[in-house]
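> Structure provided below as structure tokens; questions to follow.
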Amino acid sequence: MASVTYDRTSCVYPGAERPAVDELDLQVEDGEFLVLVGPSGCGKSTSLRMLAGLEDVTEGRILIGDRDVTGVPPKDRDIAMVFQNYALYPHMTVADNMGFALKIAGLNKSEISSRVHEAATLLDLEPYLDRKPKALSGGQRQRVAMGRAIVRQPQVFCMDEPLSNLDAKLRVQTRTQIAQLQRRLGVTTVYVTHDQVEAMTMGDRVCVLKDGLLMQVGKPRELYDRPSNVFVAGFIGSPAMNLFTLPVVDGGVAFGDVVHPVARDVLGRAGNSSVVLGVRPEDLELAEHGPAVEVDVVEELGADAYVYGRTKLGDGEHQITARVDGRRPPGKGEVLHVAPRAGHVHLFDVGTGERLGG
Amino acid sequence: MTTTQATPAPLAPVPDMLQDGRRRRRPRAGGHRGRPNVLAGVLATIWLALVAVPLYFLVAASFRTRSDYLSDNPLAPPPSPTLENYETVLTGDFPTYLLNTVIVTVVTVAIVVGLTVPAGYAVARNAGRGVQRGFSLMLVGLAIPAQAAIIPVYLMITQLHLYDTLLAVILPTAAFAMPVALLVMTNSLRDIPRELYEAQTLDGAGPFAALRHLVLPLAKPAITTVAVFTSLTAWNGFLFPLVLTQSVGTRVLTLGLWDYQGQFGTNVPALLAAVTLSVVPIFVLYLVGRRYLLSGLTAGAGK
Amino acid sequence: MTITAEKTRTRAGTARTTVTRQDRPSGWYLAPALVFFGAFAVLPMVLVVYLSFTSWDGFGTPELSGTENWTRLIEDGRAWDSLWLTLVFMVLTWLVQTPIAMLIGVWAAGRQRNRAILSSLFFLPLLLSTAAIALLWSSVLDPNFGVTQSLPVLGGFNFLGDTELVVYTVVWVISWQYVPFHTLLYQAAARQVPESLYEAATLDGAGRYRQFFTITLPLLKYTIITSTVLMLVGSVTTFDTILILTGGGPGTATRVLPLHMYITGFSGFEFGYASAISVLLLLLGAGLSLAVTRATGFRKMQSQQEGV
């Protein structure tokens, strides 16, 4: 087992204008499950592939444990990878797929066989060992891909969106299985996904990337409660946080016809006469005062309902989402008044997008 | 290329509808379902007659005696079928010609497949300038007519003291079959998903191990196509044997047939028996693997 | 801004020099094929140009003779006749083969059972070597003992002996040999046309012939180009059919350029001069395929497919 360290690691593709990954500094603890998340093109896959040795590190270093693996060929890094499309060898049986790396490494047949069976038992793949990948269901293929990584008993698992080829229901099930398996095996895991729900539910810590830059890294709760910038605030959470650019007034921020009180020192940090105020849908309450919201759509989820509407705030009309009691949802076309719950707003600088406080 | 034709599978098919859908999809006559296309049908029938009659004549005449051939209606079945023409051919040099052709074909295929599998692998996986330039150079070879090369090839072969050997035929035949073979091979190996190559790398397989464990097994269809294409080229080759061989001992089938024209003179049935015999191996191949044969034939036309 | 751009550029620079750690096959995997091809296909092309400036009887050593062969070629009426004849063959075979191959190919693309059986018969000529086909037809058309002599109407013609008629005879035999191949191309292409397009056209009220001209034909564009390139280049190099069928005769009625080259070299032992004709042939063949592919943007399509 080992930790993984990105030490100011950059990757620039030849001919590209900006780096795919820009001076990434990141430490993954031994046995930790770290999720890299971000929109497509944010550099999450490149970061993972640099760790696997499939992509060249242009600047900086990558360490596994104390060992600098920047120049080490993939096979000598003691890592295993699960690919998005699984990359199972179509001409080999499940057992051969899982045992291939061991065969190349020169292990003897009985050793390979016992390790393959061990992994197969763990993943309920025993009955399928003699089948070819094309005779398996999507979920089974996914497990074979996992099994292929497990049999190698590596120091680090690299997983590149391993669930995105599964249907929605199976994805939720497998999500839990992978998380449990990882905790059981205790192998350091770097997991890439574009799905923030997957990131939040699976990771010990989550690392949000955008345009090759690290936005924030922390426990899921930290990211949710204290997003360190506008991007993370908008990216994490579903439905997404409401973000409005609002003028600063004496004692707080003008939220429609009411003033949302904000501490003076927080406002003092703002480099502008307005700030970005963020409030999650569940932190909006129906109120007597506050901006008027015209309801467009109501999503009833049973216990809760989400109201999607429009409101005039600050510089113009905005979309706004609020969570309301599922038993008494408002009707379409109704006009509501909402106000943020005290102490549950996030304030960001208009220019830099950095968190000011909340 | 490969994903465009995917037919969407209904998630919860109502059995009757699926049946119906299948029934409707099958008879797809370039869109003219059901209704017969008279013009094309008539043309196809005429063409069929133009193809079938000469071939029928060929086989029928090979079973005629020499005198019958001169007196009979050539399109009537042979009144007294005889195998004597086949006997004449098979007791002569025909077996030698056949053996020579087989040797030329097998060795040519071995060279072409043996060289284009690793070459195609390099082109598909190595974006380096040198490799890609080499590939482009070989693609230019697609436009070179072999006829333009016979004089210098003749010079080279005589200088190498290979004149009138089977190797003299094999070397240029293989070289000129190589561009098409490489193109087919490369296209096929590029269709292997990148992740499979990467998985090999992570599994610790170097380029040679990947060639053995991944490329070779997955290139089987392409290898078949290349082998069939090259076999046909070598089997039917005429120009290089004509220019580079001389004696009976190195004569291949196509040249042998031509030689029969002079040798048998007016014994046309014997000549036609030899022609028929020369088609038999390819015909068997056609019966065994029609799909492979046709894919090999059109290999030159690219994907 | 400028500073960031500068920084990026240096980074991109280092990226190029970094050794790729992925185990990719080295250029050595291509080398044997390349060397082989170079030795027996590219080197001859270089040599033939050299030989066209020499005088060589095929036995001794070629001796440089300056531009003698080339001036002779320019003044050689027979060579120009051969070139003209080659172009005539090119046009005629294209005109005969293309409509037949296209119509039958589209027809055979239908998945009806009778069409499948018939089309497997269509392809039979593909199994015969050029030599076999030429010998078959020379037996069929022989002015003394040929089949046609005992048939009504056809018996009145001397297919191989008449200097006018023989050109069409050769065009016919070549077409008989190659139509199946081009049919195969069109059949495969017509099968690629999505059925939904025809369904949409039917709903739009387009009849069969309109469907053929507005859907099938445009979608067959690249096949038409491919087939045309192969036909044109093929007819430039048609050699064995004519050699066996007519030997270039009667007289020089069917002596096309490659045959003229062959006869000049291997019968007349004027290899230097024959090399000059070869170069002409080379330029014609390579030039044609380049011109057609350029003119139609075919290369572009191919190179897109080749993208790594």
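> Dipole magnitude of chain C about its Cα centre, charges +1 at Lys/Arg Cβ and -1 at Asp/Glu Cβ only, in debye to the nearest 20?
Using Cβ point charges on Lys, Arg, Asp and Glu, chain C gives about 1700 debye.
> Given 0.36 nm per residue, what is the gain on full extension from residue A:263 to residue A:185 after removing their alpha carbon distance, in nm?
Stretched out fully, the residue A:263 to residue A:185 stretch lengthens by 23.4 nm.
> Still on this structure, please answer the following. Looking at A:5, A:48, A:113, which one has the Cα that reaches farthest to the positive end of the dipole of chain A (charges on Cβ: Lys, Arg +1; Asp, Glu -1)?
A:113
> Under 14 Å from the Cβ of residue A:303, count the other residues' Cβ atoms, weight Lys and Arg +1, Asp and Glu -1, and hand me the total. Please list the in-between numbers first.
Values: positive: A:323, A:327, A:328; negative: A:282, A:299, A:300, A:304, A:325.
Within the 14 Å Cβ shell, the charges total -2.
> Let me have the 222 nm mean residue ellipticity of chain C computed from DSSP H runs of 4+ only, each contributing -39500 (n - 2.57), with the sum over all residues rounded to the nearest 500. Numbers along the way, then the final one.
Details: 15 runs with 197 residues, N = 308.
Taken over chain C, the calculation gives -20500 deg cm²/dmol.
> Using Cα pairs closer than 8 Å and at least 6 residues apart in sequence, work out the relative contact order for region B:38-82, in percent.
Normalised by residue count, the contact order of region B:38-82 is 35 percent.
> Report the FRET efficiency, 1/(1 + (r/R0)^6), for residue C:63 and residue C:113, where r is their Cβ-Cβ distance and R0 is 51 Å, rounded to 0.05.
0.15
> Please arrange A:29, A:282 by counting, for each residue, the other beta carbons lying within 10 Å of its beta carbon, fewest first.
On the way: A:29 13, A:282 16.
Ranking A:29, A:282 by Cβ neighbours within 10 Å, fewest first, gives A:29, A:282.
> Please compute the net charge surrounding residue C:214, taking Lys and Arg as +1 and Asp and Glu as -1 over other residues with Cβ under 12 Å from its Cβ.
That sum, taken over residues with Cβ under 12 Å, equals +1.
> State, as an integer percentage, the relative contact order of chain A based on alpha-carbon contacts under 8 Å between residues 6 or more apart.
That works out to 16 percent.
> A further question follows. Between residue A:177 and residue A:342, what is the FRET efficiency for a Förster distance of 60 Å, r being their Cβ-Cβ separation, to the nearest 0.05?
FRET efficiency, residue A:177 to residue A:342: 0.90.
> Towards the positive end of the charge dipole of chain A, with charges on Cβ (+1 Lys, Arg; -1 Asp, Glu), say which of A:16, A:69, A:234 has the farthest Cα.
A:69
> Step through the table entries A:134/A:169; A:44/B:220; A:132/B:220; A:44/A:219; A:103/A:134, compare each Cα-Cα distance with 25 Å, and write down the pairs that go over it.
Flagged as over cut-off: A:44/B:220.
> Hey, got the average number of other protein chain Cβ atoms within 10 angstrom for residues in A:132-145?
The per-residue average across the peptide is 0.
> Moving on to the next point. Does region A:163-219 classify as rounded, prolate or oblate by the C-alpha gyration tensor (a ≥ b ≥ c root eigenvalues; a/c under 1.5 gives rounded; else a/b over b/c gives prolate, otherwise oblate)? Working shown, then result.
On the way: a/c = 2.36, a/b = 1.32, b/c = 1.78.
Oblate is the answer for region A:163-219, as a/c is 1.5 or above yet b/c matches or exceeds a/b.
> Taking the Cα centre of chain A as origin, work out the dipole magnitude from +1 charges on Lys and Arg Cβ and -1 charges on Asp and Glu Cβ, in debye rounded to 20.
Working: 39 positive and 48 negative charges, 254 e Å.
Charge dipole of chain A: 1220 debye, to the nearest 20.
> Using the Cβ atoms and a cut-off under 13 Å, what net charge is assigned to the surroundings of residue B:100, where Lys and Arg are +1 and Asp and Glu are -1?
Once positives and negatives cancel, what remains is -2.
> Give the relative contact order (percent, whole number) for chain B; include only Cα pairs under 8 Å separated by 6+ residues.
27 percent
> Right, next: Determine ³J(HN,Hα), in whole Hz, for all residues of region A:326-339 in sequence, where each value follows from phi through the Karplus function 6.51 cos²θ - 1.76 cosθ + 1.60 and θ = phi - 60°; x replaces Gly and Pro.
Karplus-based 3J(HN,Hα) across region A:326-339 equals x, 7, 10, x, x, x, 5, x, 5, 10, 10, 10, 10, 9 Hz.
> Here is a follow-up. Go ahead and run the numbers for FRET between residue B:99 and residue C:145, Cβ-Cβ distance against an R0 of 30 Å, rounding to 0.05.
Taking R0 as 30 Å, the efficiency between residue B:99 and residue C:145 is 0.45.
> Related question: Treat every Asp and Glu Cβ in the protein assembly as shown as -1 and every Lys and Arg Cβ as +1, leave all other atoms uncharged, and give the resulting dipole magnitude about the Cα centre to the nearest 20 debye.
Value, rounded to 20: 1380 debye.
> Let me ask something additional. Out of residues 5 or more away from residue A:248 or on other chains, whose amide H comes under 5 Å of its own, with H placed 1.01 Å from N in the peptide plane?
A:274, A:275
> Something else now. Name the trypsin sites (Lys or Arg not before Pro) in region A:13-77 that are in a loop by DSSP and that have at most 14 other C-beta atoms within 10 Å, would you?
Sparse-neighbourhood loop trypsin sites (Lys or Arg not before Pro): none present.
> Tell me, what does the Kirkwood hydrodynamic radius of region C:199-248 come to in angstroms if you use every pair of distinct C-alpha atoms?
On the way: mean 1/r = 0.0729 Å⁻¹.
Across region C:199-248, the inverse of the average 1/r is 13.7 Å.
> Kindly provide the helix-only [θ] at 222 nm of chain B, computed as the sum of -39,500 (n - 2.57) over DSSP H runs of four or more divided by all residues, to the nearest 500 deg cm²/dmol? Please report the intermediate quantities before stating the final value.
Working: 15 runs with 206 residues, N = 303.
So the calculated ellipticity at 222 nm is -22000 deg cm²/dmol.
> For chain C, just say rounded, prolate or oblate: build the C-alpha gyration tensor, square-root its eigenvalues into a ≥ b ≥ c, call rounded for a/c under 1.5, and beyond that prolate if a/b exceeds b/c, oblate if not.
Verdict is oblate for chain C.
> In Å and from the alpha-carbon atoms only, list the Rg and Dmax of chain B.
Gyration radius and largest Cα-Cα distance of chain B: 24.8, 76 Å.
> Report, to two decimal places, the Cα Rg of region A:4-230 normalised by 2.2 N^0.38 Å (N = number of residues).
That ratio works out to 1.01.
> Tell me whether the protein assembly as shown comes out rounded, prolate or oblate; compute the Cα gyration tensor, take square roots of the eigenvalues as a ≥ b ≥ c, and use a/c under 1.5 as the rounded threshold.
Because a/c hits 1.5 or more and a/b exceeds b/c, the protein assembly as shown counts as prolate.
Every read-out reported here was derived from the displayed coordinates using simple, explicitly stated rules and does not represent laboratory data. No experiment lies behind these values; they were computed from the predicted model shown. Using ideal geometry, Cβ is built from the backbone for each residue, glycine included, and neighbour counts are taken over all protein chains shown.
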